1. All but one of (1) modelled with pLDDT under 95; (2) under 28 Å from residue A:111 (Cα atoms); (3) loosely packed, with under 13 Cβ neighbours inside 10 Å; (4) of a type in the set (D, E, K, R) hold for residue B:44; state the number of the condition that does not hold.
2. Where in region B:28-103 are the strands (runs of 3 or more DSSP E), entirely inside, with at least 3 residues that are under 20 Å from residue A:41 (Cα atoms)?
3. How many residues does region B:2-23 hold that are within 14 Å of chain A (Cβ to nearest Cβ) and either outside any loop (DSSP other than H, G, I, E, B) or not polar (S, T, N, Q) (or both)?
4. Take residue A:56 and decide whether it is free of Cβ contacts under 8 Å to residues at least 12 places away in the same chain and surrounded by 13 or more Cβ atoms within 10 Å (Cβ to Cβ).
5. If a residue has to be within 20 Å of residue B:86 (Cβ to Cβ), in contact with a Phe, Trp or Tyr (Cβ under 9 Å, 6 or more places away or on another chain) and without any contact (Cβ under 8 Å) to a residue 12 or more places away in the chain to count, how many in region B:32-60 make the cut?
6. If a residue must be surrounded by 13 or more Cβ atoms within 10 Å (Cβ to Cβ) and without any contact (Cβ under 8 Å) to a residue 12 or more places away in the chain, how many such residues does region A:69-102 contain?
7. Do you know which residues across region B:79-115 are surrounded by fewer than 17 Cβ atoms within 10 Å (Cβ to Cβ), closer than 19 Å to residue B:50 by Cβ and either more than 14 Å from chain A (Cβ to nearest Cβ) or under 16 Å from the mean Cα position of the chain (by Cα) (or both)?
8. With the structure loaded, tell me whether residue A:76 is in contact with a Ser or Thr (Cβ under 9 Å, 6 or more places away or on another chain), over 26 Å from residue B:38 (Cβ atoms) and either within 12 Å of another protein chain (Cβ to nearest Cβ) or among the polar types (S, T, N, Q) (or both) or whether it fails that test.
Amino acid sequence: DTGVSQDPRHKITKRGQNVTFRCDPISEHNRLYWYRQTLGQGPEFLTYFQNEAQLEKSRLLSDRFSAERPKGSFSTLEIQRTEQGDSAMYLCASSFGRGSGNTEAFFGQGTRLTVV
Amino acid sequence: AQKVTQAQTEISVVEKEDVTLDCVYETRDTTYYLFWYKQPPSGELVFLIRRNSFDEQNEISGRYSWNFQKSTSSFNFTITASQVVDSAVYFCALSEVFTGNQFYFGTGTSLTVIP
């Protein structure tokens, strides 16, 4: 399977714990995005990488959230001191972009986080 | 500011009916891309179409067609002869070229096709 893969698919954690999610993009894609989606809403942008550089981060994103993309390949999203409001589906997507312009983004199946 | 509006929250149609999903967008960029994605009950967002702002030609792909009108900032999606497998949530999205490359999504339209 050469699509975007995310791990784990489901995560249940106690409030206050830290969690880390992983995303493996499509190999030739240089851009990687993290989105969050809650029930009945569209995906909400969290952060964006071009290669290993984090170029954009949502102003709505708490300091408890951090993302990395070492070597411009896979990416991790960490949430520290989780809160019940963090419960959501976390989506990763990748695309190929060169200069201006962007191809469509391909999404993974998401990681569903439940904070209890 | 960038914004995508999908005013139809839920639509139900009987199988074989045609249905149009509306999408209205706002952007200050002159160069941008518009997208439609399908999210079936399994949850994965599936790419359907990408259109750039310089190409207002309508597109048809099988039972799917898209109508892009810059004058009204709309990018509507029509499914002809709907089928039960079309039941899903459909999202319209916008990506600007010069002010960032993130994708802005609407809130989605939930389509139910009744057999």
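1. Unmet condition: (3).
2. Ranges flagged: B:32-39, B:46-52, B:74-79, B:88-96.
3. Within region B:2-23, residues that are within 14 Å of chain A (Cβ to nearest Cβ) and either outside any loop (DSSP other than H, G, I, E, B) or not polar (S, T, N, Q) (or both) number 7.
4. yes
5. Looking only at that region, the number is 5.
6. Residues meeting the conditions: 1.
7. Listed by number, the list is empty, since nothing qualifies.
8. In short, yes.
The values are calculated or read from the model by the stated rules, or taken from the named source; none is laboratory data. On a predicted model such as this, the values are computed, not experimentally measured, just so you know. Because the Cβ atoms are built from the backbone with ideal geometry, glycine has one as well, and the counts that use them run over all protein chains shown.
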